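Every number here is computed from the coordinates shown, using simple stated rules; none is lab data. Being a predicted model, the structure only gives us computed values, none of them experimental. Here Cβ is always computed from backbone atoms with ideal geometry, including for glycine, and neighbour counts include all displayed protein chains.
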Amino acid sequence: MSQPEVPVERALVVVAHPDDVDFGAAGTIASWTASGIEVAYCLCTDGDAGGFDPAVPRSAIGGIRQAEQRAAAKEVGVEDVTFLGYPDGRLVPSIELRRDISRVIRQKRPQRMLIQSPERNWERISGSHPDHLAAGEAAISAVYPDARNPFAHLELAAEGLEPWTVLEVWVMTWGAAANRYVDVTDTFEHKLAALKAHVSQTAHMEDLEGMLRTWLKVNAVTAGYGEERLAEAFKVVKTG
């Protein structure tokens with residue numbers, strides 16, 4: 001027997017870098033905001049180790065990528081974007097990171113969270129950046145047990161932030177790990193626009209649209225939607 005759907009008014013996305021959510025889930029996010037769900041983003045880093053243009057000073061990259069992520073978020077109906085400011089390329093699932101994500105959870109009070117997987121994918125190693133794994137591990141640890149535990153991170157209670165229980169988590173994934181697919185055919189143009197907003201990361205790509213369509217068609221076929229559709233893949237876990 002399938003579990004009843006969780007009623008969702010607010011959703012929180014936690015990822016490591018600017019553009020991570022747009023590659024993995026921007027089509028789905030666009031469908032959520034269109035349905036009236038209030039979505040907020042929490043970025044663990046500013047993406048300051050990214051970019052492809054050697055003429056751009058390293059000191060400028062973090063600010064550039066923050067601006068790109070805010071512009072990309074607007075393309076899918078998201079206005080609320082928080083940056084935690086951890087160093088790109090050196091993210092670890094520390095107690096401090098768990099605390100900071102727990103703070104955002106208690107502030108935003110989402111029923112649903114969307115995160116990266118803390119599990120390495122040995123069949124697609126390029127999707128298992130160490131920062132992605134760290135962000136996923138810290139995020140799920142913040143969901144359970146930290147954000148709901150009144151005795152975890154007592155400094156948050158001192159800030160007046162009450163415990164909050166997230167009811168479900170959507171993990172961005174691929175292949176056999178997925179148990180939920182979202183048809184994003186009708187929101188694909190929003191996803192593409194969001195990724196094009198990340199100029200420092202995607203401007204050099206000769207066929208960004210073709211690459212995305214190839215990936216998303218595989219998901220759609222696996223989901224049984226057909227070759228003419230596009231889909232994003234997730235593992236949905238009840239956490240309430």
Handout entry: Rounded to 5, percent antiparallel among DSSP beta bridges of the chain
Key = 30
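How long are the semi-axes of the ellipsoid equivalent to region 99-231, from square roots of 5 times the Cα gyration tensor eigenvalues, in whole Å, largest first?
Semi-axis lengths for region 99-231 are 33, 17, 15 Å.
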Problem - Formal net charge of residues neighbouring D19 (Cβ-Cβ distance under 14 Å; K, R +1; D, E -1) - result: -4
Handout entry: Equivalent ellipsoid semi-axes - Cα gyration tensor, region 172-240, angstrom
Key = 23, 15, 11
Problem - When the chain is reduced to its Cα atoms, the Kirkwood hydrodynamic radius in Å - result: 18.1
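Please compute the volume of the convex hull spanned by the alpha-carbon atoms of region 39-154 and report it per residue in Å³.
Dividing the Cα hull volume of region 39-154 by its residue count gives 123 Å³.
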Practice task
Have a look at D183, D22, D53 and tell me which one the Gaussian network model of the chain (Cα, springs below 10 Å) gives the largest fluctuation.
Solution key: D53
Exercise for the section: First select every other residue whose beta carbon is under 13 angstrom from the beta carbon of R58; then total the charges, Lys and Arg +1, Asp and Glu -1. Expected result: -3
Fill in the blank from the handout: Rounded to the nearest whole number, the Stokes-Einstein translational diffusion coefficient of region 1-83 at 25 °C and 0.890 mPa s (Kirkwood radius, C-alpha pairs) in µm²/s is 178
Exercise for the section: Would you mind computing, in nm to one decimal, how far apart the modelled labels at R58 and E119 are, each placed 7 Å from Cα along Cα→Cβ? Expected result: 3.6
Fill in the blank from the handout: Cα gyration tensor of region 119-197 diagonalised, 5x eigenvalues square-rooted, in angstrom largest first, produces semi-axes 31, 18, 14
Problem - Inter-label distance, nm, simple model (7 Å from Cα along the C-beta direction), D186/S35 - result: 1.1
Exercise for the section: For the chain, set up a Gaussian network in which alpha carbons nearer than 10 Å are linked by springs, and say which option among F23, F188, F52 fluctuates the most. Expected result: F52
Handout entry: Charge dipole (debye, nearest 20) of region 21-92; +1 at Cβ of Lys and Arg, -1 at Cβ of Asp and Glu
Key = 140
Problem - Magnitude of the charge dipole, the chain, Cβ model with Lys/Arg +1 and Asp/Glu -1, debye to 20 - result: 520
Practice task
Report, in whole Å, the centroid distance computed from the Cα atoms of region 206-225 and region 38-86.
Solution key: 25
Exercise for the section: Putting +1 on Lys and Arg Cβ atoms and -1 on Asp and Glu Cβ atoms, find which of G160, N121, V184 reaches farthest to the positive end of the dipole of the chain. Expected result: G160
Fill in the blank from the handout: Of the DSSP H helices in the chain, the ones reaching 15 Å or more along their long axis in Cα terms and averaging at least -0.5 in Kyte-Doolittle hydropathy are 20-34, 130-141, 208-223
Completion exercise
the chain, Gaussian network, Cα under 10 Å: of V169, V218, V143, the residue fluctuating most is V218
Practice task
Report ³J(HN,Hα) in whole Hz for each residue of region 174-185, in order, from the Karplus equation J = 6.51 cos²θ - 1.76 cosθ + 1.60 where θ = phi - 60°; Gly and Pro get x.
Solution key: 7, x, 5, 6, 6, 10, 8, 10, 10, 6, 10, 4
Completion exercise
Given 147-156, 101-110, the highest-first ranking by average Cβ count within 10 Å works out to 101-110, 147-156
